[in-house]
Amino acid sequence: MGDVVLSTSRMNRIVSIGSDVVRVEAGVTLTALDEALVDRGGYYPPAPTFMGAFVGGTIATNAAGAATFKYGTTRDWVQALTVVLPCGDVLDVERGETRAHPDGYFELELSTGVTRVPVPRYSMPRVPKLSAGYFARPEMDLIDLFIGSEGTLGVVTAATLRIVGERPAFCLVLVPFDDRTRGLHFVERLRAVSLETRRTRDPRGVDASSVEHMDERCLALLREDGADRTNGVSIPGSAKLALLVTLELSPGTSAEQAFDAIGSATPGQVADSPIARFLTLLSEAYCASLSDAAPLEHVEIALPGDRARAGQLLALREAVPAAVNRRIGLAQAHVDPRIEKTAADMVVPFDRFGELLDFYDTEFARRGLDAAIWGHISDGNVHPNILPRSMADVQSGREAILAFGREVVRMGGSPLAEHGVGRNRTKQRLLAELYGESGVEEMRRVKRAIDPEWKLARGVLFGNS
Ligand SMILES: Cc1cc2nc3c(=O)[nH]c(=O)nc-3n(C[C@H](O)[C@H](O)[C@H](O)COP(=O)(O)OP(=O)(O)OC[C@H]3O[C@@H](n4cnc5c(N)ncnc54)[C@H](O)[C@@H]3O)c2cc1C
């Protein structure tokens, strides 16, 4: 394409680690950051499920992890950035230092002169995660213009990130449901209880930081590939969905303490620990009484510190996209080389989520498409992925995604939640669905002001001029 590829992989120095912030170069991977923090008990929470990502890449895409429900997105954790602008100037931006003029612009004093950068006027949907072009808000902070800009405005070379001083203990629970509505109600209840725990800071309260979702088709794929057996997991054949819940416990909670806590959920005892309370919630959702051992019979638990079991449960979840990607590869090789991944990444306010799932079902069925849906249900953000059997399926899938996008915007959500826009034509059309052509034009004005020669990330977000 005539482009130059810039690698930041050697900018991999962790400059300093403090009690509540860390300074890193852009090419530090999230795995390296996590390893550096773990010994000190620290924790950087907004990691996407791809730990191989560089800090610079996560800032450029405003990546949001499974735990967005508790911790927000990368944006919430970026305190300062060093950015190299297309003109070669190096900008150090500290959160809180530079706000947009009330009349809607920034004035940047660059070596090329004073540059006026207009702030777009579109209003962003109120959703927990958003990776849909430039951030825009009256009197916004300059740092937010660069976060999520997908490398179109500058190259991030270093960042100061906030961290959590004390790493919580984690417990993973895999929960199957044989009724989707019941499963959705359980997530709704779990969200409400977790918010209450955070509000009251009750150490015995249930605190779910993430709930991952796999639909019936995902579970069938796992069975077909034997990923359930490989990971020592048994999911009942009747399950319509499975949830992978991450419960956070007080720092230092041991497996033994957690195990005792489960014991207290047996008949006649009062549930007074996070795990016991979680199982009580689950009993209610299953309509079982506590004396009925049903919840414990069906759930798979990885207690704190049991890395091997946690690894298996996470591997099961990751086996779903791997299963879909493999099938797409086979279809490319044996059916039509033009077949490609056709997937959506949309988010709606949680109270509209059930409605959106119904819409996905109807549209897929109407078009005769085979699809699997998984993702971050605690945020109302899942990824419908088509399993294309032909190029016609890919085309029909793209149309379905545009239809989803229109519906999601109507529901007050965003058709672009956490994977960004990039050069993908369908996603660029979704960006226009969200903000209108005029909104995209406002983004172009920002780009022209900062990168008049269109040097960086050509073709990303919008066309080349
Ligand atoms: C398997 C997988 C799972 C994922 N799961 C999630 C998830 O759960 N949640 C989520 O939010 N995202 C997810 N993603 C997307 C992921 O967040 C982003 O792909 C990732 O954060 C980007 O990091 P990277 O280092 O790979 O960047 P790249 O893919 O290399 O780059 C991404 C974009 O950022 C730009 N960029 C990269 N570095 C810089 C820099 N230093 N300065 C300026 N621009 C830069 C690039 O030009 C490009 O436009 C997933 C991706 C994969 C592959």
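Annotations
- Full-stretch length increase - Ala36, Ala432 - with 0.36 nm per residue and alpha-carbon distance subtracted: 138.5 nm
- The charge dipole of the chain, taken about its Cα centre with unit charges on the Cβ atoms of Lys, Arg (+1), Asp and Glu (-1) only, comes to about 860 debye.
- 222 nm mean residue ellipticity, helices alone, for the chain (DSSP H n ≥ 4; -39,500 (n - 2.57); rounded to 500): -11500 deg cm²/dmol
- Computed over protein heavy atoms with a 1.4 Å probe, the carbon and sulfur contribution to the accessible area of the chain reaches 50%.
- In the context of the full protein assembly, Thr181 retains an accessible surface of approximately 80 Å², using a probe radius of 1.4 Å and ignoring ligands and nucleic acids.
- A Förster radius of 35 Å combined with the Cβ-Cβ distance from Ala192 to Ser16 puts the calculated FRET efficiency at roughly 0.35.
- Here the stretch 169-315 is treated with +1 on each Lys and Arg Cβ and -1 on each Asp and Glu Cβ, and its dipole about the Cα centre works out to around 300 debye.
- Extension gain (nm, one decimal) between Ala220 and Thr181, 0.36 nm per residue minus Cα-Cα: 12.1 nm
- Mean separation of Cα pairs under 8 Å and 6 or more residues apart, divided by the residue count, gives the chain a relative contact order of 17 percent.
- The magnitude of the dipole of the stretch 326-465, with charges of +1 and -1 set on the Cβ of Lys/Arg and Asp/Glu and taken from the Cα centre, is near 640 debye.
- Mean accessible surface per residue for the chain, computed with a 1.4 Å probe while every protein chain stays in place, in Å²: 43 Å²
- Pairs of lysine residues in the chain that meet both criteria, 8 or more places apart or on different chains and Cα atoms under 28 Å apart, total 12.
- Phe259-Leu402 pseudo-label distance in nm [points 7 Å out on the Cα-to-Cβ vector]: 5.8 nm
- Label-zone membership for the stretch 328-352, site Ser390, 7 angstrom Cα→C-beta point, backbone N under 13 Å: 335-336
- Of the GluC sites (Glu not before Pro) in the stretch 83-133, those whose Cβ has at most 15 other Cβ within 10 Å and which sit in DSSP loop: Glu97
- Positive-end residue, the chain charge dipole about Cα centroid, Cβ charges, pick of Leu184, Thr73, Val335: Val335
- Ranking Val15, Thr49, Ala36 by how far each Cα lies toward the positive end of the dipole of the stretch 5-62 (charges on Cβ) leaves Val15 at the top.
- A DSSP coil position with no more than 10 other Cβ atoms inside 10 Å describes the following GluC sites (Glu not before Pro) in the stretch 409-465: Glu453.
- One quarter of the surface of the convex hull around the alpha-carbon atoms of the stretch 79-205 equals 11.8 nm², the direction-averaged projected area.
- With a 1.4 Å probe rolled over the protein heavy atoms of all chains, the accessible area of Met391, Met51 falls in the order Met51, Met391, largest first.
- Ordered by 1.4 Å accessible area with all protein chains kept, Val127, Val4 run largest first as Val4, Val127.
- Cα gyration tensor shape of the stretch 169-315, rounded if a/c is under 1.5, else prolate or oblate by comparing a/b with b/c: prolate
- Here Ser7 and Arg229 are evaluated by their C-beta separation; at R0 = 45 Å the FRET efficiency comes out at 0.70.
- Pairwise FRET efficiency - Ala308 versus Arg445, Cβ, R0 = 60 Å, nearest 0.05: 0.70
- Full-stretch length increase - Val164, Glu97 - with 0.36 nm per residue and alpha-carbon distance subtracted: 21.8 nm
- Look at where the Cα atoms of the stretch 131-197 and of the stretch 231-254 average out, and the two centres are 20 Å apart.
The values are calculated or read from the model by the stated rules, or taken from the named source; none is laboratory data. In this text the structure is predicted, and so the values were computed from the model without any measurement. Cβ: placed from backbone, ideal geometry, glycine included. Neighbour counts: every protein chain shown. Heavy atoms of the whole protein, side chains included, go into the accessibility calculation; ligands, DNA and RNA do not. Shrake-Rupley method; radii C 1.70, N 1.55, O 1.52, S 1.80 Å.
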